[in-house]
Amino acid sequence: MTIHQFSFPTRIQSGPGAVALVGDALEEAGKKRPLIVTDRGLAPLAPLTATREKLAAAGLDVAVFSGIWGNPVKSQVTAGVAAFREHRADSIVGLGGGAALDVAKAILVMVHHPGDLFDYEDEKPGARPLDREIPYWVSVPTTAGTGSEVGRSSVVSDDETHVKKIIFSPRLLAARVFLDPELTVALPAGVTAATGMDALTHLVESYLAKGVHPLCDGVALAGLQIVAKSLVPAVDYARRVEAGEPALLADAGHVEARGAMLNAAMMGAVAFQKGLGVTHSLAHALSTVCDLHHGLANGVAIPYAMTFNAETEPGRTRLAELARLVRAEREDALGFVAWLEALKARVGIPKSLRDLGVRDDHLERLVEIAVADGCHANNPRPVSKTDFVRLFRQALG
């Protein structure tokens, strides 16, 4: 299979075996001492070990920081900065899912900037500017969901409150991105589904977001078509591998579906430069209060959020356009919601939050966090505190 190259929003190489080009990229940039930033679950596995070996074979002095797990928190960033300095690193290879890539970007900020990470929180009154050197870095996603590999922001939580903070700068965009589907073929079905629903939510919410941005709208529509075609096959292949068909790890159809989902996830992150919406405010609260996986929270919440948006214009018209795009059985807004519900069930996303351990006594704190979250400001329909109470109650079932 071919490795394709394109340069939007940065230089991207996409295709089976693309990760083998990381060493060339570092050498072209004159880098000798990369720090691989990854999560502790990935550290002992082939995607990490093989990449490290290839970089070492190219004459690079490589170290690994793998102190990342769950939703990323500031203490992980602090430990990563220490690892960068201890290795005397000159660059970072971010290799992993959204958590690893977000921590990688936050490490880049704090290597040369003074003070506390949250001094640089986006839109915080009196926030310090990102005006010092940002080390060279490349990103290698191993899941197809957040699109953080082409993102210009890092989302990191406070260790104590678990409230998510956003650090944003165009300077955090990776110099190079390597989308290699062979790094994702071994993902479990559950992770494939949850991350895929994350990508889908980015695409849907960016299309519905307030404002005019035809570039992002076009990317969102094309990305959603890819998800509609490729998410179910990717999950099905994962289920078959788990059931005892390891030969499918190298199956051309499997690799193609995984590559398509990597592209869709990347496109979702490009599209949501326009904005997101109420689903993300629900999901951010769920990650904060209940430590739910972000993609899983989005996957459970999105049908309820889109039903809310379907009640008024312009959400009703936009959702009807999406229903026609994905060839839903009904070509109206609620037809798209029905398609979402069917997709959730097909890929194994729970119907309700209660299935994930969310309880009624979480409600007050969930609503508080969701109301304070900035994403719903771009929702096509205003969302009040009363609306959030209703949405969480509906999602609880």
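The values are calculated or read from the model by the stated rules, or taken from the named source; none is laboratory data. Predicted, not measured: the structure shown is a model, and the values here were computed from it. Because the Cβ atoms are built from the backbone with ideal geometry, glycine has one as well, and the counts that use them run over all protein chains shown. These area figures cover heavy atoms from the full protein model, side chains too; ligands, DNA and RNA do not enter into them. Shrake-Rupley method; radii C 1.70, N 1.55, O 1.52, S 1.80 Å.
Within the range 355-378, track down each residue that is more than 14 Å from ALA283 (Cα to Cα) and either touching a Gly at 6+ places or on another chain (Cβ under 7 Å) or not in a helix (DSSP H, G or I) (or both).
Within the range 355-378, GLY357, ARG359, ASN378 qualify.
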Item to complete: Quick one: TRP339 ticks every box in (1) closer than 30 Å to PRO188 by Cα; (2) open to solvent by less than 60 Å² (accessible area, probe 1.4 Å); (3) not in a helix (DSSP H, G or I); (4) not aliphatic (A, V, I, L, M) except a single one, so which number is it?
Response: (3)
Fill in: Qualifying position, being open to solvent by less than 10 Å² (accessible area, probe 1.4 Å) and within 14 Å of the chain's Cα centre (by Cα), among ALA269, ALA305
ALA269
Item to complete: Just give me the residues in the range 170-186 being open to solvent by 10 Å² or more (accessible area, probe 1.4 Å) and over 26 Å from LYS344 (Cα atoms), in sequence order.
Response: PRO170, ARG171, LEU173, ALA175, ARG176
Response to the item:
When the range 187-235 is checked residue by residue, the ones that are at pLDDT 95 or above, open to solvent by 10 Å² or more (accessible area, probe 1.4 Å) and not in a helix (DSSP H, G or I) are LEU187, PRO188, LYS210, VAL212, HIS213
Worksheet entry | Close pairs from the range 191-204: first more than 11 Å from VAL232 (Cα to Cα) and among the polar types (S, T, N, Q), partner open to solvent by less than 10 Å² (accessible area, probe 1.4 Å) and part of a helix (DSSP H, G or I), Cβ under 6 Å, at least 6 apart | THR195/GLY295; THR201/THR279; THR201/ASN298; THR201/ILE302
Item to complete: Considering only the range 83-117, state which residues are part of a helix (DSSP H, G or I), touching a helix residue (DSSP H, G or I) at 6+ places or on another chain (Cβ under 7 Å) and modelled with pLDDT of 95 or more.
Response: PHE84, LEU101, ASP102, VAL103, LYS105, ALA106, ILE107, LEU108, VAL109, MET110, VAL111, LEU117
Worksheet entry | Out of GLY70, GLY96, sole residue that is in contact (Cβ under 8 Å) with a residue 12 or more places away in the chain, under 15 Å from the mean Cα position of the chain (by Cα) and surrounded by fewer than 24 Cβ atoms within 10 Å (Cβ to Cβ) | GLY70
Worksheet item: Got a sec? Which of ASP355, ASP387 is more than 22 Å from the chain's Cα centre (by Cα), open to solvent by 80 Å² or more (accessible area, probe 1.4 Å), at pLDDT 95 or above and farther than 28 Å from GLY223 by Cα?
Response: ASP355
Worksheet item: When you look at ARG346, is it surrounded by fewer than 17 Cβ atoms within 10 Å (Cβ to Cβ), touching a helix residue (DSSP H, G or I) at 6+ places or on another chain (Cβ under 9 Å) and either polar (S, T, N, Q) or outside any helix (DSSP H, G or I) (or both), yes or no?
Response: no
Discussion item. Six or more apart or on different chains, Cβ atoms under 7 Å: show the pairs whose first residue is in the range 301-320 and at pLDDT 95 or above and whose second is of a type in the set (Ser, Thr, Tyr).
Written reply: ALA301/THR279; ILE302/THR201; ILE302/THR279; ALA305/THR279; ARG318/TYR207
Discussion item. For the range 1-71, give me every one of the strands (runs of 3 or more DSSP E) that falls completely inside it and has 1 or more residues that are farther than 18 Å from HIS87 by Cβ.
Written reply: 4-7, 11-14
Worksheet item: When both residues are 6+ apart or on different chains and their Cβ atoms are under 6 Å apart, which pairs have a first residue that lies in the range 151-174 and is part of a strand (DSSP E or B), and a second that is hydroxyl-bearing (Ser, Thr, Tyr)?
Response: LYS164/SER157; ILE166/SER153; ILE167/TYR120; ILE167/SER154; PHE168/SER153
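Matching residues to (1) at pLDDT below 95; (2) buried (at least 22 other Cβ atoms within 10 Å of the Cβ); (3) more than 30 Å from HIS4 (Cβ to Cβ); (4) among the aliphatic types (A, V, I, L, M):
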| site | (1), (2), (3), (4) |
| --- | --- |
| ALA252 | no, no, no, yes |
| GLU256 | no, no, no, no |
| MET261 | no, yes, no, yes |
| LYS274 | no, yes, no, no |
| VAL278 | no, yes, yes, yes |
Practice prompt. Determine the pairs where a residue that is under 19 Å from ALA342 (Cβ atoms) and in contact (Cβ under 8 Å) with a residue 24 or more places away in the chain, located within the range 223-242, has a partner that is part of a helix (DSSP H, G or I) and charged (D, E, K, R) with Cβ atoms under 7 Å apart, the partner being 6 or more residues away or on another chain.
Written response: VAL232/ARG346; ALA234/ARG258
